Amino acid sequence: MLDLGSETLVITHDAMAQGVHFHDNPDKCDMADVAFKLVATNLSDLAAKGAEPVGVLLGYSLGGDDARFLHGLHEALEQFGAPLLGGDTISISGARSFGLTAIGRATHTPVPSRSGAAAGDQLFITGCVGAAMLGFEGESEHARAFNRPQPRLAEGRALAPIVSAMMDVSDGLLIDAFRLASASQCSIALDTGAVPVADEARRDDCMRWGDDYELLFTLPANCTPPIEVIRIGQVEPAGFAPLFVDGTPIVNSDGLGYQHA
């Protein structure tokens, strides 16, 4: 974050690499979806700060499907109101990668962070988890959830003035709840039965897989959410475990979700 007079800019950068974030085989991957997702995942970080997009900077590696990438890029930037401010292009041999920097303007100060949750707060999520997992596995009705996630920008702006802590769910609900609790130096008691999932039979997988880009946040107990959300737990005083899943203490994050190397 960068304070400029009375304004606070929120700046984030994320990248997508061939063979890691999208398919090695271009015949199995629409580059329009790759471009859209690159924008959406960055804007989700802005949503978690209650920021509205100012624009983006793109680092682009040239290839044979540039027209499809540019089509998806245009769709995303138009939908989310985030103009392309500049960037750079390169020629590359081998696997391709793309980087995007998103710049946003905070709509409320202090800007929400993941470190403000306090004992007595309630834990909420803005929507369902697990749909992206099912889309990745080939279920056509959930393909869009994986290929074209929707950052919760409006929800983030509505919540920013009242949340005590907030982050987006990108690596899995369980691991991100663990991270929020650790950053806030508290414990979170998660009620998994209250979590909205895309597949009830695979509830545990849905909470670990990630790529959902919902907002996970805490509110003081006497505060009413201004939008439709789902209460999934509560914040307790710091104990020997950051996370309690249906009463079971979780003392480390191994296996809870996606871990960046």
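In the chain, taking the dipole from charged Cβ atoms about the Cα centre, the farthest positive-side position among Asn147, Thr192, Val169 is held by Val169. At q = 0.13, 0.30 Å⁻¹, what log₁₀ I(q)/I(0) does the range 39-91 have when each alpha carbon counts as one equal point scatterer in the Debye sum? The Cα Debye sum returns log10 ratios of -0.34, -1.26.
Rg and Dmax, both from the Cα atoms of the chain and both in Å, are 18.5, 57.
Among Arg96, Arg208, Arg179, which one shows the biggest mean-square fluctuation in a GNM of the chain, springs joining Cα atoms closer than 10 Å? Of Arg96, Arg208, Arg179, the most mobile in the Gaussian network model is Arg96.
Dividing the mean sequence gap of close Cα pairs (under 8 Å, 6+ apart) by how many residues the range 106-261 holds gives a relative contact order of 38 percent. Which longest run of the chain has no exposed loop site in it, a site being chymotrypsin sites (Phe, Trp or Tyr not before Pro) in a DSSP loop with at most 13 other beta carbons within 10 Å, and the site itself not part of the run? My reading of the result: 1-239 is the longest stretch. Distance between Cα centroids, the range 97-148 to the range 27-78: provide it in whole Å. Each part reduced to its Cα centre gives a spacing of 16 Å. If only the Cβ of Lys and Arg carry +1 and only the Cβ of Asp and Glu carry -1, the dipole of the range 111-261 around its Cα centre is close to 460 debye.
Using Cβ point charges alone (K and R +1, D and E -1), the dipole size of the chain about the Cα centre works out to roughly 500 debye. Taking every DSSP beta bridge that has both ends in the chain, the antiparallel portion is near 80%. Axis angle, to the nearest 10 degrees, between helix 66-80 and the longest C-alpha principal axis of the chain: 40 degrees.
Once you keep just the Cα pairs under 8 angstrom separated by 6 or more residues, what percentage relative contact order results for the chain? The value is 23 percent. Note on the chain: GNM, Cα springs under 10 Å; of Pro149, Pro249, Pro196, the largest mean-square fluctuation is that of Pro249.
Values quoted throughout were computed directly from the atomic coordinates according to the rules given, and no laboratory measurement underlies them. Note that this is a predicted model, so its numbers are computed, not measured. Note: ideal-geometry Cβ built from the backbone for every residue, glycine included; neighbour counts use all protein chains shown.
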